[in-house]
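The numbers here are math on the coordinates, done by the rules we state, and not lab data. None of the values given here were measured: they were computed from a predicted structure. Cβ atoms come from the backbone with ideal geometry, glycine included; neighbour counts cover every protein chain shown.
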Amino acid sequence: MPRIIRVVIIGGGISGIAQAIRLKEQLGDHLSLTILEKGASPGGVWRDAKWPGAGVDVPIHLYSLYSDLNPDWSERFASQPDVLAYWESLIDRHGLRNTFLLNTTYTSSTWSAETQTHQILVTNVETGVKSIHEAEVLISATGPLAKPLLPDVPGIDSFAGPSFHNLRWDTSVDLTGKRVAVVGNGSSGIQFIPGVSDLPGVTLTHYIRSGGYFVPKIQHKYTAFEKFLFRWVPGVIDLHRFGLLLEHDRTWSVRTFSDDKRREVLEKELLEYLEEKAPAEYLEALTPDYPLGAKRTALDFGWLDSLHRDNVSLVNTGIAQVTANGIETEDGTFRAHDVIIWATGSDVARHGLGANVGLHGEDDVELQEFWKDAPQAYRGLAVPGSTAIARLVRGLLDYDLSSVQPKQEAFEQHNAEVQEKLANCTARTEKTNNWWGVRVDGKRRITVTNPQSGIDLWWSTLSTKWQNWDAVRLKSVDSKARLEKVDVLAIQRRRHAVKVLLAAGLGAVAYFTPVNQLLTEFASRFYA
């Protein structure tokens, strides 16, 4: 009877969908898959990102799976409806629709060393009914933007009007004719302000904490000829995507490392862009006092232009409190508002890296407790679209394993190397706060930024380095379950030796039997 590996994925956004596709690719009929999704439909943040102007800040050909490239993208930076439609199409193309358990939240899980399985407690959000799922593999794909972060501002719950975080955009609120407050000028905040401020009768006040570096978002409409080449000329779409990756890696390096001489040049160019586009009265408030790369660089697609509108004002004084009718700033000024929209991001550095509350592993240690100082992982395996996780799960099948975990020495060495490579990262600056790290013993530890470029990350996860993993097999001895360690490298060496000997034997038979064309053909195919 063929072995079936049960896998539960927490999260039905693009990370969960991508992992599901890779798992089906690796395991085929040996896979029993369940995707837990708290919403009524898949899509994650792209289902919820319903604000005006929502779209990707990464070129869409690069934001697509390498295995499912789309030649028909209409523009370089796709809009939210198109992005969501793409990922929905992948669900149907790969037969994943029936694997989703919708309106279901992950509650907690425990690892049983005896059975080598996760006992996963889930809750139906509509009925409150709880149930248990058992799986050999549990994958967290909750996404970094799964949990909105609200600031610690006095009276935040006292506001009488509609108030919501942009990651939970409330489409039932009619903003027409309203006095709207927007708090935060990160990537999403500056994305929806042009559209909101353009609504009839809207008066918008934008509260910001600091300035920043803003890169012009230059949109490109793909022509019919370009789409024709992408679809019908082999390699063109792959080459285009690879070019986008090289461009991304170049700008990533400039922004990430403080000793890159090109960073000063780019800083100067972006400050000149800001001076050219921003209203003169807001230029001082918008000018950053920290180095490029210390915060995520946001793309400007009409936001700086919108600040010139008569119905838009910018406030960079800190918020003292929220009242029932509006916001009071630290200089004592009160401004009345009908609606408050919080564009204050997520707690990515500590809690946005995956499910960790209620997730218990070996020795019943909760991941949140393991991460109490700072989140760490081995090789950052939770990468959307990565085949690394799927290959590890495939290893359970190929080598008859029940569980794997990185060796402590490899884990510590990898994280030490990561922090060493990030020693001169601009994200370490003390001049501003960012969500790329947490403080440990008074020092900043980077938990989000990766010192590897996109190409480096692909190369480092191209194959599974089994020498860095502890593999375990569950065996039944005298009707009792017993765990034994497995040397995967030794198995691989034996299998390789057998293949070489078999191929050599078949080759010899074919050589000494000229008429045996069938064996010759078989041997050549096997060896290839």
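At a glance:
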{"read-out": "Computed label-point distance, nm, for sites residue 32 and residue 498 using a 7 Å Cα→Cβ extension", "value": "2.7 nm"}
{"read-out": "In nm, spacing of pseudo-spin labels at residue 119 and residue 287 (7 Å Cα→C-beta vector)", "value": "6.3 nm"}
{"read-out": "Computed E for residue 450/residue 490 - FRET, C-beta separation, R0 30 angstrom, nearest 0.05", "value": "0.40"}
{"read-out": "Ascending count of other beta-carbon atoms within 10 Å, so fewest first, for 392, 502, 23", "value": "502, 392, 23"}
{"read-out": "Projected label distance in nm at residue 160 and residue 68, using a 7 Å step from Cα toward the beta-carbon", "value": "4.9 nm"}
{"read-out": "Two-site FRET efficiency, residue 228 against residue 58, from Cβ-Cβ distance with R₀ of 22 Å, rounded to 0.05", "value": "0.35"}
{"read-out": "Cβ-derived FRET efficiency at R0 51 Å, residue 75 paired with residue 482, nearest 0.05", "value": "0.30"}
{"read-out": "Principal axis dimensions, largest first and in whole angstrom, of segment 1-146 by Cα", "value": "52, 36, 22"}
{"read-out": "Label point at residue 309 placed 7 Å out along Cα→Cβ; residues across segment 200-223 whose backbone nitrogen lies under 19 Å", "value": "200-208, 217"}
{"read-out": "Contour excess over end-to-end distance, with Cα ends at residue 236 and residue 423 and 0.36 nm allotted per residue", "value": "63.5 nm"}
{"read-out": "Which of 37, 276 has the fewest Cβ neighbours within 10 Å, and the rest in rising order", "value": "276, 37"}
